[in-house]
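Step one of this worksheet: look at the structure below.
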Amino acid sequence: MAANFWISSHFKQLLDPEEVDVVHPLDKEKGISLEDFKLIKMHMTNYICKLAQHVKVRQRVVATAVSYMRRVYTKKSMSEYDPRIVAPTCLYLASKAEESTVQARLLSFYIKKLYSDEKYRYEIKEILEMEMKILEALNYYLVIYHPYRALSQLLPDTGINDISMTQLVWGLVNDTYKTDLILMHPPHLIALACIYIATVYRDKDITAWFEELRVDMNVVKNISMEILDFYEGHRLITEERINAAFSKLALKTLNG
Amino acid sequence: MSESDPEKKVADRYLKRETLGEGTYGVVYKAIDTETGQTVAIKKIRLGKQKEGVNFTALREIKLLKELKHPNIIELIDAFPHKGNLHLVFEFMETDLEAIIRDRNIFLSQADIKSYIQMTLKGLAFCHKKWVLHRDMKPNNLLIGPDGQLKLADFGLARIFGSPDRRFTNQVFARWYRAPELLFGAKQYGAGVDVWAAGCIFAELLLRAPFMPGETDIDQLGRIFNIFGTPTRAQWPDLEYLPDYVPYDASAPKPLRERFPQASEDALDLLSKMFTYDPRARISVQQALEHRYFSSAPLPTDPAKLPRPAPKRESANPRVSDFNVREGPTVLSPKRKMRRVMPEREGFDVNAHQVDKIDKHGVEVGQAAGDVPGKNEHVPMSVDFSIFASRPMSRPTINSADRSHLKRKLDLDFQEPE
């Protein structure tokens, strides 16, 4: 699929940051700030990763699930679409769409095992109902392109072939899913940004290689900066802040 | 409310008409789109006992058709949930290629045949360009629209291909259209399987009867060998490595001309290239479209001028039997149940590749720190920069000093690409 990103629905649906960083009016009413919004999405990304480790699915399924979730919240409010049911349902849907079906029963079992908090508890029936709503929110577009394939082609081409370097870059790519980058940039540029960060971090100069590529390095640099901003911001994330964000979400509005 | 109420509105927008038939995973009925006045076909997807949500096969079809917009591929116009069932709205198609091939009242000229097979190949070429294998090519999956356009439909078995080492099930296609590599149990195959099936459809158009109607898989291979001879090592070097390979008594190929006395030289040349044994040597769909058969006289008929079955379906008060062409006495394709096989559920274990391997790094870190689930909310970063910098690993991240240093370094000057 990689060769045809430019004619895909994913490409057509790429968004600008101003379109992604919008808190839904219903959530805003409850006092959810943009920071809270990002925090909850990051927390739910981690939740999907954890759940995925237990049900044993490929990284690709995780990446697709996270992309679905992030796309849902460009259109729907967290007040109406509780992240704690949306996240596992996205994993469920992604597992089907990526041809690695996980049974809803299994998912439900691990949700209960992972979280004793009853706010996370959802029955199979509720996951299946949410599946339909998520399909609708996604407008039934299910194909998502990821940086992994571009990475496996680009990385050998750079001439870097030591394992630790490869691991570093793959890890960086995995971390980009904790942000909304996948909704905003073509996946191969995200891959390039990760390669860029890794080579600079390890003092490997492959400037010449980058210059030979026919890509706008300013865009790659901007993506790299966004990734670094994420690492910076991540230091400040505490459980308290996440809980605070979720308790705002639980507030009943005056009209509600 | 009765499901068969013909005037019932579905989800406000669609006015339900008569039932068209039973699809792979639910009832298909005709409806009018009240917003556009367009006639559509709506597939209602049964959710079964609500155990596994939206049908896997239906989801595949939705996923792929949303990406495939082409004049020769059925259009998925809309989808909506209604009363707990998912409904897929397709453009309405008058008939299918099987009905046309079978209709004794229709005369198909060489130009007509050329037009049908060209449209088939155009739709298929678009799929392959998008790395989608159809895997269920057969005449009754090729629908004909009111404008005469032929469109590929039924993507319930289709899959995205192109990843190296991907293994698929060989239980695809109706047997008569199954390529020899599939009959020999190949799990790694490519676009060639669709080409072979398209070749069978081409032959069926020429013969007005199924080309190789095998009754069992063994019989199917027998029929193939009977016509094309047993493949030699020179013809198909990898044959003996296929999982279900068994040597057959050698038989010699027969000239295709004997089977197709009416066909042109160009038609036979293209046909023989589509039936090349070695999938790697088999003609691609794109190459087939560029074959001189399509540029030589007679040129393909304009789709709008193609012969159509008598419009008995348009009668004011149609009886159900008129619609259910698949229940006619001369069913050409094997029964649906025999043809359909559940998609394999092996997905994730056989597809394991680099991503998973590398990901273990992240997984291990995650498990080490996440032993008390619920308490420690943080799944650590996949990249623990503190390890590399041998700093205390309270929280895995790049620290701000690192970051500003990196940011400065990242801001190298690049020459603008031309």
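Some values worked out for this structure:
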quantity	calculated
Estimated distance in nm for a label pair at B:D278 and B:E215, the labels positioned 7 Å out from Cα along Cα-to-Cβ	3.5
Whole-number percent relative contact order across the stretch B:249-307, with pairs defined as alpha carbons under 8 Å at least 6 apart	23
Theoretical FRET efficiency, 1/(1+(r/R0)^6), r = Cβ-Cβ of B:Q286 and A:W6, R0 22 Å, to 0.05	0.75
Dipole of the stretch B:160-316, positive end: most advanced residue of B:Q171, B:M274, B:P261 [Cβ charges, Cα centre]	B:P261
For the stretch A:4-35 versus the stretch A:56-114, the gap between their alpha-carbon centres in whole angstrom	18
Shielding by partners, peptide A:119-126 (average Cβ within 10 angstrom, other chains)	1
Chymotrypsin sites (Phe, Trp or Tyr not before Pro) restricted to DSSP loop in the stretch B:104-142 with at most 12 other C-beta within 10 Å	B:F107
Per-peptide average of other Cβ atoms within 10 Å, ordering A:145-152, B:79-86, B:252-259 highest first	A:145-152, B:79-86, B:252-259
Subset of A:K133/B:K138; A:K119/B:K43; A:K56/A:K76; A:K178/B:K66; A:K38/A:K96; B:K129/B:K187 violating a 32 Å alpha-carbon distance limit	A:K133/B:K138; A:K119/B:K43
HN-Hα J in Hz across the stretch B:105-116 - Karplus 6.51, -1.76, 1.60, θ = phi - 60°, x for Gly and Pro	7, 9, 9, 9, 7, 4, 5, 5, 4, 4, 5, 4
Measure of compaction for the stretch A:5-51 (Cα Rg per 2.2 N^0.38 Å)	1.47
Point-charge dipole on Cβ atoms (K/R +1, D/E -1) for chain A, about Cα centre, debye to 20	920
Carbon/sulfur fraction of accessible area - the stretch A:25-75, other protein chains in place, 1.4 Å, %	57
Per-residue mean of C-beta atoms belonging to partner chains within 10 Å, peptide A:168-175	6
Gyration tensor verdict on the stretch B:133-280 (Cα atoms; rounded if a/c is under 1.5, prolate if a/b is larger than b/c, oblate otherwise)	oblate
Three-way shape label, the stretch B:64-174, alpha-carbon gyration tensor, a/c 1.5	oblate
Largest-first principal axis extents of the Cα set of the stretch A:117-256 (Å)	59, 35, 29
Stokes-Einstein D (µm²/s) once Rh is taken as the Kirkwood radius of the stretch A:78-174 over alpha-carbon pairs, at 37 °C in 0.692 mPa s	208
For peptides B:88-100, A:198-210, sequence by mean Cβ density within 10 Å, most packed first	B:88-100, A:198-210
Interface A:B - total buried accessible surface [probe 1.4 Å, Å², rounded to 100]	7100
Size of charge dipole - the stretch B:154-249 - debye, nearest 20, with Cβ of Lys, Arg +1 and Asp, Glu -1, no other charges	200
Modelled FRET efficiency - R0 22 Å, B:T39 with B:D12, Cβ distances, 0.05 increments	0.80
Nonlocal amide H pairs with B:E18, under 5 Å, H built at 1.01 Å	B:K30
Chain A: relative contact order as a whole-number percent, Cα under 8 Å and 6+ apart	26
Cα gyration tensor, the stretch A:4-87 - rounded (a/c under 1.5), prolate or oblate	oblate
Gain in span if fully extended, B:R259 to B:I106, counting 0.36 nm per residue against the direct Cα distance	53.0 nm
Built amide H within the under 5 Å cut-off of B:L86, gap 5+	B:I45
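The values are calculated or read from the model by the stated rules, or taken from the named source; none is laboratory data. No experiment lies behind these values; they were computed from the predicted model shown. Because the Cβ atoms are built from the backbone with ideal geometry, glycine has one as well, and the counts that use them run over all protein chains shown. Ligands, DNA and RNA are excluded from the accessible area calculation, which covers all protein heavy atoms including side chains. Shrake-Rupley method; radii C 1.70, N 1.55, O 1.52, S 1.80 Å.
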